[in-house]
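I have placed the structure first, in the form of structure tokens, so that the comments after it can refer back to it.
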């Protein structure tokens, strides 16, 4: 059965879709298809660094974000709302502010950064480890937010039944909670990875834009935009294709 939609809302929706589609269409039209493979090959180092940084950052985001989501979904302690606000703050912070905050805490003169340097000789700024930390910092809230929603959607009565049968808390979490929350967790992981892959502001501020060392694909696009705009269009198209693939992979999890 065809459902009729209000004309005014349909027109506004059409304008909104056009606003989103036009820039992507312009990117496709400006991409030099004959030089696409060569441009991507020239950015091989940035592609490899992006793959490593986004993968490791996603592991960190998942390892930290899922427990945070569980605590926020099931915890009944005082200050839970304040904790949720702090956890989600990187989502709304300007990326450069996130980078400055990381420098203030983990930089050579930061409180934690000084301890790491003096005790273990570890320096995070302007290293690939710093790029991983920056990406994980902005990706963890996405994993946490979607995980919390997934955990809240589970019927607590099932956990109570498992507890009455003698299942300990970790076993209940592993055998009852995780399977039911799996679609939401999968969506959170994909979103976290996509956010880590596309991170720019915090990375360039905290880890720098060092070719072959900390220059990820978004940073390479920024660099090429000043030197070779055609190459920047090619690399941007690659990220668009990857983003579409990510959204397609996560679509079924969101729908469920």
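The values are calculated or read from the model by the stated rules, or taken from the named source; none is laboratory data. Just so you know, these numbers come straight off a predicted model, no measurement behind them. Positions of Cβ are generated from backbone atoms using ideal geometry, with glycine treated the same way; all protein chains shown enter the neighbour counts.
Miscellaneous remarks
- Condition check for residue 90: over 20 Å from residue 53 (Cα atoms) and either in contact (Cβ under 8 Å) with a residue 40 or more places away in the chain or out of contact with any strand residue (DSSP E or B) (no Cβ under 8 Å at 6 or more places or on another chain) (or both): no
- Scanning region 5-14 for residues that are over 28 Å from the mean Cα position of the chain (by Cα) and in a helix (DSSP H, G or I) yields 7, 8, 9, 10, 11, 12, 14.
- Hey, residue 150 at pLDDT below 90 and either in a helix (DSSP H, G or I) or on the phi < 0 side of the Ramachandran plot (or both) or not: yes
- Filtering region 209-242 to residues that are under 19 Å from the mean Cα position of the chain (by Cα) and not in a helix (DSSP H, G or I) leaves 214, 215, 216.
- Residue pairs meeting the criteria (Cβ under 9 Å; at least 6 apart or on separate chains; first in a helix (DSSP H, G or I), in region 44-61; second exposed (fewer than 14 other Cβ atoms within 10 Å of the Cβ)): 45/211; 45/212; 46/211; 46/212; 49/212
- From 19, 11, 7, residue being surrounded by fewer than 10 Cβ atoms within 10 Å (Cβ to Cβ) and modelled with pLDDT of 85 or more: 19
- Filter result for residue 172 (over 30 Å from residue 220 (Cα atoms), more than 19 Å from the chain's Cα centre (by Cα) and buried (at least 17 other Cβ atoms within 10 Å of the Cβ)): yes
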